[in-house]
1. Considering only region 138-149, how many residues are assigned to a helix (DSSP H, G or I) and either hydroxyl-bearing (Ser, Thr, Tyr) or out of contact with any Pro (no Cβ under 9 Å at 6 or more places or on another chain) (or both)?
2. Go through region 601-631 and give me each residue that's in contact (Cβ under 8 Å) with a residue 40 or more places away in the chain, outside any loop (DSSP other than H, G, I, E, B) and within 20 Å of LEU700 (Cα to Cα).
3. State all residues of region 252-278 that are in contact with a strand residue (DSSP E or B) (Cβ under 9 Å, 6 or more places away or on another chain) and over 26 Å from HIS172 (Cβ atoms); if no residue qualifies, say none.
4. So which of ARG173, ARG144 is in the same structural domain as VAL103 (by TED's automatic domain parsing) and in contact with a Cys (Cβ under 7 Å, 6 or more places away or on another chain)?
5. For GLN592, state whether it is more than 30 Å from GLU537 (Cβ to Cβ) and of a type in the set (S, T, N, Q).
6. Determine, yes or no, whether ALA608 is within 17 Å of ASP575 (Cα to Cα), of a type in the set (A, V, I, L, M, F, W, C), modelled with pLDDT of 90 or more and in the same structural domain as GLY559 (by TED's automatic domain parsing).
7. On the given criteria, is SER595 of a type in the set (S, T, N, Q), touching a residue at least 12 places away in the same chain (Cβ under 8 Å) and crowded, with 20+ Cβ neighbours inside 10 Å?
8. Conditions first: (1) touching a Pro at 6+ places or on another chain (Cβ under 7 Å); (2) surrounded by fewer than 12 Cβ atoms within 10 Å (Cβ to Cβ). LEU639 passes all but one, so which condition is the exception?
Amino acid sequence: MTDDLTLESCLQRLSEMAFGPLDLLPGHNFAEKVIDLALCGSPQINGFMGGELNSLAKVFHSFDTSEARVVVFGGGTGLSNVIGGDSRHPAWPRAPFNGLKEVFPRTRSIVCVTDDGGSSGELLKDLPVIALGDLRHVLLSSIRRNKLQLQYGLEESGAGLTASVLHRLFNHRFSGKPSSQQEVLDEGKISLESLPGELAKEMHALLDHLFADECLRSLLSRPHCLGNLLLVSALYKYSRTEPSPETIMTADAFMKGLTVFSDLLGANPDAVLPCTTTPANLKVLYNNGVLVTGEYKSSRAQRGYPVDRVFSEFTGEPEVPDGVCQAVSEADIIIFAPGSLYTSIVPILQVPGIAEEIRKNRRALKMLIANLWIQTGETDLVRDDPTRRFYISDLISAYNLNIPGGVIGLFSQVLSLGLRDIPGSILQSYALEDKVPIYLDREKVEAMGFVPIEAKICSQEDIAARLVIQHDPASLAEAVRTLYAVKDHLPRAGCSLAPVTPYIGTLISPDNQISSHRYAATKRQLSLLDIDSGLRERFHEIFWEHRDIPLAHLQYVKGVQLLDKTLWERSQKWDNIYSFYDPADGYIKIRQDISVDPASFRFGFLVALGESLLGNYAAAKQKEAIEREGENIGYVFRLTLREESERHCFLSGSELERYLTLARMRQCSSVKNLYTRMLNGDEGFTPPGLLFGLTYAWYLDNRFSCHLEYKMSIIRQKSCGFIPEQKKMTARRQSLIDFFRNSVFRFHLPQ
């Protein structure tokens with residue numbers, strides 16, 4: 001027997017081992033154990049240990065958080081749900097007063113303002129404002145029972161009824177232009193008389209303002225969410241600003257209108273703050289080099305490649321409301337709400353100064369609440385390894401890559417839903433709908449320097465009754481309360497990730513043109529072209545959807561003609577593209593029968609618009625057969641360029657030369673403007689003009705150009721190294737994408 005195994009040494013080691021009540025609780029670490037105790041109660045244990053656990057659980061539930069200052073960052077649904085439940089959900093009025101706002105009355109939300117879809121997008125067409133949909137969504141979630149009762153002298157049931165009426169009012173949507181406010185209310189089955197007198201009076205006044213003001217009345221012609229229009233009306237009315245499609249509201253005026261409206265609804269005046277009052281567009285760069293402008297478009301793009309970087313492009317030097325930095329500096333708790341990875345948190349922290357203000361606050365409890373599900377187009381493909389699924393460590397890495405200065409100092413704890421308690425049958429049913437959880441890879445998250453915390457922060461009622469998995473606002477608030485109570489006992493985390501800054505300085509739009517101004521400018525530009533009035537609006541919407549298209553791309557187009565199928569003389573031997581640009585008269589010509597199919601028509605227009613950028617670049621095109629011993633063995637395609645002084649082309653001389661090289665045209669050494677391409681036998685060939693149009697359409701929307709998508713897919717393949725030609729082909733197609741991003745769409749990546 002060795003010394004290590006003596007009776008005395010064994011007893012000594014056992015006496016040094018501590019076993020306390022917390023060791024009886026499930027969880028990998030202290031934080032998980034105390035949250036489980038707070039949410040699930042003490043296990044059935046008699047004696048001293050059981051009593052101690054019950055006492056601790058009572059302390060957690062009675063812990064005073066009335067003065068704790070909480071700041072939560074996020075977008076629409078995820079942030080709304082954390083604050084007080086998803087206020088768009090039909091079931092929200094059943095329990096409108098829970099979540100962080102009830103446990104922490106001094107909660108403030110800082111909201112992302114780059115959403116350009118739905119009603120928010122429709123507003124951006126007409127008014128020079130930031131996106132308002134997420135603000136409206138979170139604002140309704142922020143109304144508090146105690147404030148409503150004190151402010152309007154209501155009983156508890158009256159506060160609930162008020163929340164229910166506001167829910168119906170804010171979420172009513174209409175598509176046809178209403179003639180009066182009464183028509184809107186009748187259609188939505190909304191009774192403002194059920195609201196407290198003062199609140200009802202102000203809601204009527206805001207609706208009257210919508211119908212009385214000429215600028216605001218024009219908004220009613222588009223499909224809208226009524227809550228967004230009420231917010232617009234309040235911003236202008238309470239700030240005493242004249243609505244105008246040209247003039248941007250000042251930051252002070254915007255915040256004045258927002259705080260008055262928040263207070264009126266029963267939320268704290270400073271409960272909801274935009275991260276900036278400067279309009280901005282989101283730009284998403286994919287791993288293959290394609291850049292997509294617009295949050296809504298990027299969510300539908302399905303490029304099939306991981307996201308590489310995200311950029312917020314502002315229309316001017318971004319203004320941050322004074323209350324934002326003050327809220328962050330005063331905060332006792334800072335939370336990053338769950339939501340879309342690239343379209344909720346990242347754009348906020350790309351606003352200059354906000355991330356740095358968070359880092360300066362070294363005393364606050366800071367946590368990231370991880371997303372539950374993989375999101376198509378954002379977290380379905382991993383940037384560094386597209387073959388595997390997304391983990392929480394990948395979320396953190398993506399934040400580190402896209403936030404100036406990385407994630408150092410932004411959060412220490414990572415709170416995620418514990419999936420071990422979710423029935424496998426429910427996860428399987430979600431998998432059938434292509435909904436896959438984002439799993440916690442604990443060891444890797446810990447290696448990054450963060451504290452992973454799994455907890456039962458989902459609604460057990462939803463799981464049992466509706467087989468639905470989602471964050472439960474009440475459980476989440478209790479988990480945060482518990483962490484705040486024990487924050488001095490939590491381990492000190494130290495981020496080990498090196499900061500990666502995607503760009504130096506602030507990305508500002510070259511023309512400082514906000515969305516509504518561009519929309520109006522596009523309309524004016526199209527009005528100058530010879531286009532049937534019935535088609536003009538369709539083209540207008542194409543330009544709105546694809547805001548990557550500079551208006552300068554229309555400079556060589558005089559009009560659009562629809563040609564009857566019987567008059568279509570263009571050869572379809574090598575393609576089935578029923579559109580082209582005719583440099584002889586400057587018209588885009590589309591075969592009329594494809595106009596009935598919106599997708600085919602849109603694709604045809606984009607191909608021809610792309611071709612128009614080459615203008616009249618070609619002086620001559622020839623196809624010469626090559627014969628040997630009486631047999632046709634191939635042909636040579638000859639392209640002669642016009643002299644640069646006679647050329648009308650969007651590309652400069654050097655850019656055109658670069659493009660033709662990428663199109664595999666060989667420049668003749670003895671004749672400056674002659675380019676050739678030799679082909680074997682009856683081999684197919686995509687001429688440079690058509691290739692340019694196809695690539696143009698594919699770059700904007702790869703759903704419409706399957707032929708080119710097939711060719712470009714080689715970029716996805718890892719080269720085995722055995723076939724050098726594959727490497728050349730991959731490099732050439734990557735260079736073609738980069739050429740279109742830089743030279744055609746005029747976006748140069750910040751260094």
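The values are calculated or read from the model by the stated rules, or taken from the named source; none is laboratory data. Keep in mind that this is a model prediction, so the values were computed, not measured. So basically every Cβ, Gly included, is an ideal-geometry build from the backbone, and we count neighbours across all protein chains shown.
1. Taking region 138-149 and keeping what is assigned to a helix (DSSP H, G or I), we get 138-141, 145-149.
Checking which are either hydroxyl-bearing (Ser, Thr, Tyr) or out of contact with any Pro (no Cβ under 9 Å at 6 or more places or on another chain) (or both) leaves us with 138-139, 141, 149.
The qualifying residues number 4.
2. PHE601, ARG602, PHE603, PHE605, LEU606, VAL607, ALA608, LEU609, GLY610, GLU611, SER612
3. MET255, ASP270, CYS275, THR276, THR278 - these are the residues of region 252-278 that are in contact with a strand residue (DSSP E or B) (Cβ under 9 Å, 6 or more places away or on another chain) and over 26 Å from HIS172 (Cβ atoms).
4. Values: ARG144 fails: in contact with a Cys (Cβ under 7 Å, 6 or more places away or on another chain).
Of the residues listed, the single one that is in the same structural domain as VAL103 (by TED's automatic domain parsing) and in contact with a Cys (Cβ under 7 Å, 6 or more places away or on another chain) is ARG173.
5. Answer is no for this residue.
6. Yes: the conditions hold for ALA608.
7. Taking the combined requirement at face value, the residue does not satisfy it.
8. Checking LEU639 against (1) touching a Pro at 6+ places or on another chain (Cβ under 7 Å); (2) surrounded by fewer than 12 Cβ atoms within 10 Å (Cβ to Cβ), the one that fails is (2).
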